[in-house]
Structure formats: C-alpha cells, structure tokens
Amino acid sequence: RLSCIRNNVWLACCGVVSAGLAVLSSFGLMLFCGAPFVVTVANAPFLILGVGVDDMFIMIASWEQSSRKKEKSNVKALLAETYSEAALSVTITTLTDVLAFFIGTWTAFPSVRAFCLYTGTAFVFCYVYTLTFFGAVLVLNHKREQGNRHWLTCMRVGVDKDQAENSCLYNACCVGSCSRQSSEPEGEHPMSIFFKEYYGPFFTNKWVKLLVVLLYGAYLGGSVYGCTQIREGIDLRNLANDDSYVIPYYDDDDKYFSTYGPRVMVVIPERVDYWNEAVRRGIESCAQNLENISYVDKNLSESWLRVYTVLAESSSININDKTQFFNNLPVLFSIRSSFAWDLNKTGDEIEASRFFLQTVNVTSAVDEKNLLNQLRETARQCSIPLKVYHPAFIYYDQYLVIVQNTVQNVVVAAGAMLVVSLLLIPNPLCCLWVTFAIASVIVGVAGFMSFWNVNLDSISMINLVICIGFSVDFSAHISYAFVTSGESSANKRAIEALSLLGYPVLQGAVSTILGVVVLAAAKTYIFRTFFKIMFLVILFGALHGLVFIPVFLTFF
C-alpha cells in the first residue's frame, strides 16, 4: 500500500520466513531420523516456498475481511474471526497436499519415496507455523498499525500542522499518505474490487459462460488426445548434466551402433557338474533357447563352455572326467585369455560362471521392456539355474511398473482427496466439484506433458502425485466460498466467492510459479521436468479455480 503505516512488507517477509523454517525443520527431522537425501529431494524447497506462501495470502485476506467487519481494538475477536474463516481452507489444502505426498511414499521407487517423505513432512511444519508463528506476526503487525507506527522504523507517525506544505512523496513516506491523514480507514484492496466489479460480472454473463464451456471442451479434447501420445521410459542422457561428457557418448552410440542393444550377461550362479555331459547339454539347450529370442543375434554370442567343448572334440581331450576337465582349462585360457574372467574357480570347484548374448534392434522403451521380460521368462524355464543381467536393466525395470504405479498412486490419492473433502466441506455438491477439478487437472497435465516432450518416468510420476494435492487447493477455496455464501442467486454467489478469494488464489498461483521458475534454467533434466509439470499444474489449477469452476457452479 502507498502508506507508511498500512504497508505490509514485514508481514510478507515473515510469511516467507515461515515457509523457510518449515523446510529447515522438516529436513532436520528427516536427516536426524536417517531418511536418505536423494537428488530429487533438492526440488522440495522451491515447492514449499511457493506453496507455503499460499496459506499466508489466505490468512491475510481473511484478516483484512475481519478487520473491516469487527471493531479494531478487540484483537482476540479479530484473530478468532480470521482463524474461523481461513483455518478450514488452509486445513483442507494442507491435508490434501500431505496426503498426496504420503500416498506417494507407497511407490516402488526409492527416489520418489524420499522426495514424498521430505516434502510431506515439510507441509505439516508449514501448516503448524502458519497457524502459530504467522498468526502472532499478524497480531504484532496490527498493533503496530493501531499505534500509528512506521512500517520500517516502527516510530510513531504524527501529523504535524507545519508539514501541510510538504510534497506528496514526503507525506506518503513519513506521514501516512498523500492526503496527510496518518491513519486512513482501511479500504478494500484494488484487486478485490476488480474481481467484484469487473471480473465476476464478466464471467457470469450468459454468452461468456457459453464461451467458457466451449473453451473447456477444447481443453479436455486436447488433454485426452495428449494422454494417448504419452511415451514411457527415461532417456539415459537425461540423468546427466547438460554439459556432461556422457551425453555425446550416448549420441555417438546412437549414431554409429544403434543396431546393437546391451550385451547381456547370463550367469550360472550355483555349482553345477560341468564335466557331466548331460549338464553341458542342458546348459547348451538353455543358451539356444535364449538365442532364439527375436532380440538376440546368435552369431555374436560368447561362451567359454561352448569353445571348450569344441576344443576338446577337435584335440580329443576327455573333459567328461572332473580331474581332466580342470587340468585342461589352462589350454583354453592360452587360446582365449579373457575366458579366465568368466569362471569363478576355487580349488576343484567352479562356484559360478557366465556367458554373453548380444542383443540387437532394441530401439524404444517398449523393446527394452519386451527384451527384459522375454530374457527373464526364458531363463526361468531353464533346467539349470540362470540369471540374466546388464547394468541398464535397472532402468528397464522402471518401465515394467511405471504405468501401474502411476495409475495406482493417482487413483488412491484422488480417493483420499474425496474423503478429506467430504469430511471437511459440509456440502456434498462442493466435494463433487473438487473431485471433478482433480480429475480434470490430472488429465490436462498428463495430456499436455506429452506435448512438452516429457516422458512418463519416475520423475514425472512424482509430479503427477503432487498435482493432485495442488489441483485441490484452488478449487476447494472457491467452491467452499460459493457454498457458504449468503447471496440469493447463483451468479451473485459466484461473484462473491471470486471477490473474496479470487485475489488470494491468483497470488498463490503466481507465487508458486515464481518459486519454481528458477528451475526452468537448470542444467539438469530432473529440475527442468519438475518446472514444466509444476507450471502446468498451477496454470490448469488456477484456470479451474478462477474460470471453469465458478462458471460451472452457476449451472447447478
């Protein structure tokens, strides 16, 4: 405000400090309890700063509402009124966010679990600090205003008769305001007036409503189409920094050797009698079954046992006897010294051994998934105990569970949100709208994610779970204000809901986007993806809260 008394700079700073304290407390507690700190957790502070500030905006909006209604001197009544207005909204949104994160901890991915654990705990602290620390700051700020004290120096500001000739700037900085009244009555915020006088009436016009319905149809159509285009799988380049030497390595690998997939190690992890001809035949038949998989090139396999068997036949060495088998191994190693690495020999026993298969034409995530499934299935059916392994399988494993995990988390979280809404919002219709908003925002984010080149992997999965918590935030506030409004017609209710909460919702959206926008310039795919999805969540959440939901509420 352009008044040295009504200016709330310190209030804003304390709101941010409150969110910062929540980050500090939660990280301290988690590290003290020994929770692992993964790189994805580094996204959390940006998120908490952005969201923690939302609650502050709602508290301030309620405080200003109350101080216009009640007499100023009774601080207890003022704060009681503020909490009765704001606490429910803040509780609903915190509960839904925390639930979304703690449901995220059930996933199969440890990195997602760690992120959800840290962030969920931070939101609990954020809530506690908003209702305790920030409530106290509100009261102190109110006392400063009542005492006509300057926002920066906290010195008393008086109206001196001799200063009537001073410039407007001097009066605004040092006296109170341009009009030289040190404590002018509190007016409504210009943005609240804008939502009440212009924005609300504009969107309750019947032609504008029709336009909004058409716009929503287009949004939904685009989202559903996008959902059918989602790609699974993580590109290994994305796990490195943009300037890492790993990226040109993978580029060259793709360019020159794209026909060849991973060279898979097939391990016999137990002791078997290699000198027994029946056992050798069993191993050979298993190897041939693995080579018959469409992704394997049988001409590029490498097996020490195969070479040894051929060598024994051509040099008429008897390897069907245990002693002879071991005594002639050095002959094999003299021909191919690298085979010595393929046996784990202790004394006169072979503890384990391995051979290699060369895979080909593994180009997409679907191929990788199929390859892994076929290899494991064939190895499982073999009479000899076998294991198939390659370091890249840790990523292929992700593809096997990612869709199922994402759907499971999203469904469970959305169900939990519905239950929370039903318990805390005393109106079933309102809960249905909140649930509708959740579903709609998730479909939108998932759809537009594919247009923005974001694949479905463990990183975007974290964000889709968060998405549920946030999509509630915007619509819950507006629908709750609509349902509890005392106005007679639906249109007036929508206008009142927007004039009360339109501005705090807008502030919340802008502050959250400002909190994560720094990540857009990051040199790591993980952070950039986080920004893209958060941006979509907040954009669509705010669009629902400020445009779609108010219009749809007036139809019923």
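The values are calculated or read from the model by the stated rules, or taken from the named source; none is laboratory data. As the structure is a prediction and not an experimental result, all values here were calculated from the model. When we count neighbours, we look across all protein chains shown, and the Cβ atoms used for this are built from the backbone with ideal geometry, even at glycine. Heads up: the accessible areas ignore ligands, DNA and RNA and are worked out on the full protein's heavy atoms, side chains in. Shrake-Rupley method; radii C 1.70, N 1.55, O 1.52, S 1.80 Å.
Just to be sure before I move on: is ALA218 part of a helix (DSSP H, G or I), open to solvent by 50 Å² or more (accessible area, probe 1.4 Å) and not assigned by the TED database to the domain that holds TYR525 in the structure I sent? Against the criterion (part of a helix (DSSP H, G or I), open to solvent by 50 Å² or more (accessible area, probe 1.4 Å) and not assigned by the TED database to the domain that holds TYR525), ALA218 does not qualify.
From the list GLY261, GLY282, the one residue that fits, being part of a strand (DSSP E or B), of a type outside the set (A, V, I, L, M, F, W, C) and surrounded by 14 or more Cβ atoms within 10 Å (Cβ to Cβ), is GLY261. Among the residues of this structure, PHE37 counts as one that is among the aromatic types (Phe, Trp, Tyr), part of a loop (DSSP other than H, G, I, E, B) and in contact (Cβ under 8 Å) with a residue 60 or more places away in the chain. Looking across VAL90, VAL75, one residue alone is of a type outside the set (Gly, Ala, Ser), open to solvent by 30 Å² or more (accessible area, probe 1.4 Å) and in contact (Cβ under 8 Å) with a residue 24 or more places away in the chain. It is VAL75. Here LYS369 fulfils each of the conditions (1) open to solvent by 30 Å² or more (accessible area, probe 1.4 Å); (2) under 30 Å from SER475 (Cα atoms) apart from (2).
Assessment of segment 16-31 against the conditions (in the same structural domain as HIS142 (by the TED database) and either of a type in the set (Phe, Trp, Tyr) or not in a helix (DSSP H, G or I) (or both)) yields at least one matching residue.
Please verify whether segment 338-348 includes one or more residues that are free of Cβ contacts under 8 Å to residues at least 24 places away in the same chain, over 20 Å from ALA392 (Cβ atoms) and in contact with a Leu (Cβ under 9 Å, 6 or more places away or on another chain). Checking segment 338-348: at least one residue is free of Cβ contacts under 8 Å to residues at least 24 places away in the same chain, over 20 Å from ALA392 (Cβ atoms) and in contact with a Leu (Cβ under 9 Å, 6 or more places away or on another chain).
Counting only strands (runs of 3 or more DSSP E) that fall entirely inside segment 296-405 and contain at least 3 residues that are among the hydrophobic types (A, V, I, L, M, F, W, C), at pLDDT 95 or above and closer than 24 Å to GLU270 by Cα, the qualifying elements are 349-360. For MET417, the requirement of being farther than 19 Å from ILE92 by Cα, touching a Ser or Thr at 6+ places or on another chain (Cβ under 7 Å) and not in a strand (DSSP E or B) is not met. Would segment 433-440 turn up any residue that is touching a Gly at 6+ places or on another chain (Cβ under 8 Å) and open to solvent by 30 Å² or more (accessible area, probe 1.4 Å)? No, because not a single residue in segment 433-440 is touching a Gly at 6+ places or on another chain (Cβ under 8 Å) and open to solvent by 30 Å² or more (accessible area, probe 1.4 Å).
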